[in-house]
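Taking it in order: structure first as structure tokens, then the write-up.
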Amino acid sequence: MRLTTKIEYKTRWGEELVLCSAGKRYPMKYVPDGIWEADIENFSEKACYHYEVYENGFMTRREWGSHKPVKNSPEEMRVIADSWLEVPENLPFKSFVFADGKTRKAGVAIPVFSLRSKDDFGVGEFLDLIKLVDWCVATGQSVIQLLPVNDTVMNRNWEDSYPYNANSTFALHPQFLHLPDAGVKVDREYKKLQKELNSQPAVDYEKVNEHKERLLRKAFAACGEKTLESREYRKFLLENSRWLLPYAAFRVLRDDFGTACFREWGGYAKYSAKKIKDFCSQRRADVDFHCFVQFHLHCQLKCVRDYAHSKGVILKGDLPIGISSTSVDAWMFPELFNLDSCAGAPPDFFSADGQNWGFPTYNWDRMEKDDFAWWKARLGKMSEYFDAFRIDHILGFFRIWEIPLKYRSGMMGHFNPALPLSAEELRDRGFDVSEGKYVTPGKNETDVLFIEDATRKGFYHPGIGAFGTPTFNNLPEHLKQSFGELHYDFFYRRHNDFWRQSALKKLPELLPSTAMIACGEDLGMIPDCVAPVMEELQILSLEIERMPKIFGQDFADPSRYPVLSVCTTSTHDMTPLRAWWMTEPDAAGRYLKGVLGIDAAPSEDCEPWICRRILERTLYAPSVFAILPIQDWLSIDADLRSPDPKSERVNDPAVYRHLWRYRMHIPLETILGNDSFNSTVRALVENSGR
């Protein structure tokens with residue numbers, strides 16, 4: 001098909017328009033009166049396209065969403081007059097979330113596994129969220145924020161507790177299923193196990209999941225056939241078969257071979273749709289079991305969503321930046337990922353050595369060729385349950401910290417995409433690397449000034465942590481100064497336009513594919529281009545008083561947070577308020593005096609009235625959402641707060657394989673029944689105008 005498009009766009013001197021489709025860019029021709037025209041032969045009638053503005057070789061603007069060719073002319077040629085697709089005005093506020101007229105809302109953050117109720121089986125479950133919704137209603141809150149809820153079963157041990165290492169970006173975790181509603185009998189055995197597991201102070205991940213699966217298999221054998229024949233199940237299977245059947249086969253093969261590493265699966269190591277279809281037919285009962293479990297998980301989470309909506313409460317999900325290298329996604333679509341590298345983070349507030357998450361990085365060029373279909377499907381599934389979502393490490397859409405597989409330390413990473421320095425550029429700065437100097441590690445693999453680019457030989461990235469290496473310490477003063485200037489320019493200036501362009505290739509295409517409100521986790525080493533792009537696309541930022549974004553500040557000023565933001569007192573990667581106060585007394589002292597104006601030594605445990613003052617500062621911020629961890633909400637009540645503040649931390653990013661097992665020390669029923677505490681929280685929320 002031949003496609004001719006025309007669009008009116010008032011360009012400035014030096015700007016030009018480009019039509020983009022399936023990863024290809026077609027220069028457009030300027031014709032009089034501000035009209036730009038493209039004429040493309042052999043254009044696929046199924047392809048989408050969008051327009052981009054370029055200046056001096058860099059993309060400066062990109063449309064919101066895409067166009068599709070429409071039949072308004074003979075089949076062999078279509079002529080289309082387009083209009084530029086602008087970002088909708090006040091996008092977040094167009095959501096039904098704000099239909100009640102309130103533009104500032106309060107909420108609570110807690111992982112599902114951390115919930116505790118009398119109906120549980122040793123771990124928080126989806127249906128516990130109904131009680132949490134009731135608590136939100138009682139206290140004037142209207143947002144519940146969760147961590148990822150996808151299936152993470154890989155090794156069948158405690159390492160599977162990591163919620164950001166899912167085996168599928170579509171499947172839900174079986175541990176969140178309330179067993180009786182899936183057909184499990186509440187008999188003597190069930191009650192005994194329930195009492196034993198629920199009495200534990202934290203989640204016994206291995207035991208909980210072992211018994212849940214065993215009991216679910218019994219229930220499937222007893223009543224599974226009836227479920228599989230139901231109209232609701234058949235509808236679910238039809239709508240989800242593209243990911244569901246490969247996922248179910250993956251779970252069966254994982255057990256057959258004793259590993260989630262599909263490269264060790266012999267004839268099934270390489271995914272084949274035909275082979276898996278045949279496998280599902282041969283192993284129908286085993287495959288049906290996992291589909292049965294996913295159906296019940298879907299029904300329970302949809303039930304929670306519907307109940308929350310009926311009460312004016314919204315659910316906010318979490319979109320992990322990475323996928324596991326031993327996941328269904330990597331098995332089915334290996335071409336979408338760089339499986340020879342790992343994603344992570346450079347040294348920051350959370351980890352002085354940087355982080356290696358073990359996830360492959362994305363092959364964005366390949367993803368662009370089908371208009372990011374995998375991402376859109378992922379967001380589409382997520383939007384069945386959630387009204388807003390947190391983009392974990394939104395910086396990954398600008399650039400990701402990439403670590404070659406041969407290295408373990410996060411220090412040995414580099415940004416991708418990036419503009420590495422040529423050997424000539426380094427030589428001009430006084431660093432001749434031709435004989436391996438400055439790039440060959442000493443006793444420690446991190447003892448280098450520069451790391452060679454994995455795909456472009458002769459090009460180098462400055463080592464992020466090079467300042468502390470023996471190689472740097474042995475440099476003469478003039479080279480130390482030269483390296484410092486080069487390092488700063490590389491990480492904070494060189495890539496600003498380049499990374500802006502990188503984000504604008506992806507986010508304006510992905511965000512319009514979902515009605516969910518987008519919130520970005522923009523913490524850490526933040527390039528200058530990030531905030532303007534998030535503001536332009538109306539992605540809510542994340543603001544935390546303990547993590548100021550202005551260099552040199554000890555604490556952020558909540559009164560100056562942007563309106564389009566989510567503010568909080570702590571995240572799951574940080575110590576909650578009381579544990580922070582206890583483990584960092586110097587910082588607590590500075591906060592007490594410098595922020596609260598109290599000239600006294602801080603007590604070991606942050607007293608309830610101080611916790612309340614801290615919460616109030618966040619609640620009164622202009623941010624759209626103030627979402628506080630359940631631990632910090634409870635900290636303001638002397639009777640409800642945990643006796644052990646240090647036990648309340650959800651995750652420690654500095655620990656490579658952390659056991660995610662934090663669970664509330666009291667059940668939701670106790671909190672719901674405490675009228676005095678609930679009245680206090682409601683007053684805090686209402687007085688702050690939320």
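FYI, it's all coordinate maths here, none of it is from the lab. Model, not experiment: these values are computed from the prediction. So basically every Cβ, Gly included, is an ideal-geometry build from the backbone, and we count neighbours across all protein chains shown.
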Phi-based couplings in Hz for the range 656-662 (Karplus 6.51, -1.76, 1.60; Gly and Pro marked x): 4, 10, 7, 8, 8, 9, 4
Normalised contact order of the chain, rounded percent, pairs of Cα under 8 Å and 6 or more residues apart: 16 percent
Relative packing of 289-302, 458-471, which averages over residues the other C-beta atoms within 10 Å, highest first: 289-302, 458-471
Cβ-Cβ FRET estimate between THR60 and ASP39, R0 fixed at 25 Å, reported to 0.05: 0.55
Local electrostatic count, HIS309, Cβ distance below 13 Å [Lys/Arg +1, Asp/Glu -1]: -1
Computed FRET value (nearest 0.05) for ASP187 with LYS369, which takes r as the C-beta separation and R₀ as 45 Å: 0.25
Contour minus Cα-Cα distance for THR11 and SER272 (0.36 nm per residue): 89.1 nm
Extended-chain gain in nm, criterion 0.36 nm per residue less alpha-carbon gap, SER281 and LYS24: 88.5 nm
Label point 7 Å beyond Cα of THR259 along Cβ direction - residues of the range 305-347 with amide nitrogen under 15 Å: 325-327
Answer label for Kirkwood radius over Cα pairs in Å (calculated), chosen among (1) 27.4; (2) 33.3; (3) 30.6: (1)
Gain upon complete extension [THR583, LYS376; 0.36 nm per residue less C-alpha separation]: 70.3 nm
Within the range 145-171, backbone nitrogen closer than 18 Å to the virtual label 7 Å beyond the Cα of ASP306 toward Cβ: none
DSSP beta bridges in the chain [antiparallel fraction, %, rounded to 5]: 55 percent
Placed amide H near ALA109: partners under 5 Å, 5+ positions off or other chain: GLN145, LEU628, ILE630
Relative packing of peptides 582-590, 137-145 - highest average C-beta neighbours within 10 Å first: 137-145, 582-590
Relative compactness, the range 2-82, computed as alpha-carbon Rg over 2.2 N^0.38 Å: 1.06
Prolate/oblate/rounded call for the range 419-492, Cα gyration tensor, a/c under 1.5 rounded: rounded
Ordering of 631-643, 220-232 by burial proxy (mean other Cβ atoms within 10 Å per residue, highest first): 631-643, 220-232
Cα-based reach from LYS131 at 14 Å (exclusive), listing aspartates and glutamates while leaving out same-chain residues under 8 positions away: ASP119, ASP120, ASP306, GLU669
Residue-count net charge about PRO653 - beta-carbon cut-off 14 Å; Lys, Arg +1, Asp, Glu -1: -4
Sum of side-chain charges, CYS567 neighbourhood, beta-carbon under 9 Å (Lys, Arg +1; Asp, Glu -1): -2
Amide proton proximity set for PHE359, modelled H, under 5 Å, gap of 5+: ALA343
Spatially proximal lysines relative to LYS437 (Cα-Cα < 24 Å; intrachain offsets below 8 disregarded): LYS406, LYS457, LYS480
Per-residue ³J(HN,Hα) for the range 77-85, Karplus 6.51 cos²θ - 1.76 cosθ + 1.60, θ = phi - 60°, Hz, x for Gly and Pro: 8, 10, 10, 10, 9, 9, 10, 5, 8
Karplus 3J(HN,Hα) series, Hz, for the range 227-235 with 6.51 cos²θ - 1.76 cosθ + 1.60 (x for Gly, Pro): 5, 5, 8, 6, 5, 4, 5, 4, 5
